[in-house]
Amino acid sequence: MRRWAWMLGGLIVWTVHFMGVYAIASLADMVSRADDPTWRMIGLAFSGACLLAALAITGWAARRLRRGTDPSTRFGDQLALLGGGVATVAIVWQALPTVIGY
């Protein structure tokens, strides 16, 4: 199970980010307005935390990939690196409307 969590770590972070940003925007829409600066900053802070988590997974996977020799371990590290990279790009893409103020 730990191996699966490692290989899917970046995608898990992306999923948490997607659900979290959606929940923040929904809550903001119920309380005030979705484009209220306070709620936008909350969304950006959450996106920043998720981005740091995705970058940490990506960096850690790249480091492990450089020193790994076992083919099965290498494969898991390659998947973790790919998932972390995809999550990094996706989180930045999803946070852009909040940054530019849609």
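The values are calculated or read from the model by the stated rules, or taken from the named source; none is laboratory data. Fair warning: this is a prediction, and the values are worked out from it, not measured in the lab. Cβ: placed from backbone, ideal geometry, glycine included. Neighbour counts: every protein chain shown. Note: areas computed on protein heavy atoms with side chains; ligands, DNA, RNA excluded. Shrake-Rupley method; radii C 1.70, N 1.55, O 1.52, S 1.80 Å.
Here is how the numbers come out for the structure above:
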| quantity | calculated |
| --- | --- |
| Candidate set: the range 10-21, residues that are of a type in the set (A, V, I, L, M, F, W, C) and in contact with a helix residue (DSSP H, G or I) (Cβ under 8 Å, 6 or more places away or on another chain); chosen: the one least open to solvent (accessible area, probe 1.4 Å) | Val13 |
| Test set (1) open to solvent by less than 50 Å² (accessible area, probe 1.4 Å); (2) of a type outside the set (Val, Ile, Thr); (3) touching a residue at least 24 places away in the same chain (Cβ under 8 Å); (4) closer than 22 Å to Ala5 by Cβ - Ala62 fails condition number | (3) |
| Which listed residue, of Ile24, Ile42, is surrounded by fewer than 19 Cβ atoms within 10 Å (Cβ to Cβ) and either part of a loop (DSSP other than H, G, I, E, B) or among the β-branched types (Val, Ile, Thr) (or both) | Ile42 |
| Hits in the range 76-102 (condition: part of a helix (DSSP H, G or I) and surrounded by fewer than 13 Cβ atoms within 10 Å (Cβ to Cβ)) | Val89, Trp93, Leu96, Val99, Ile100 |
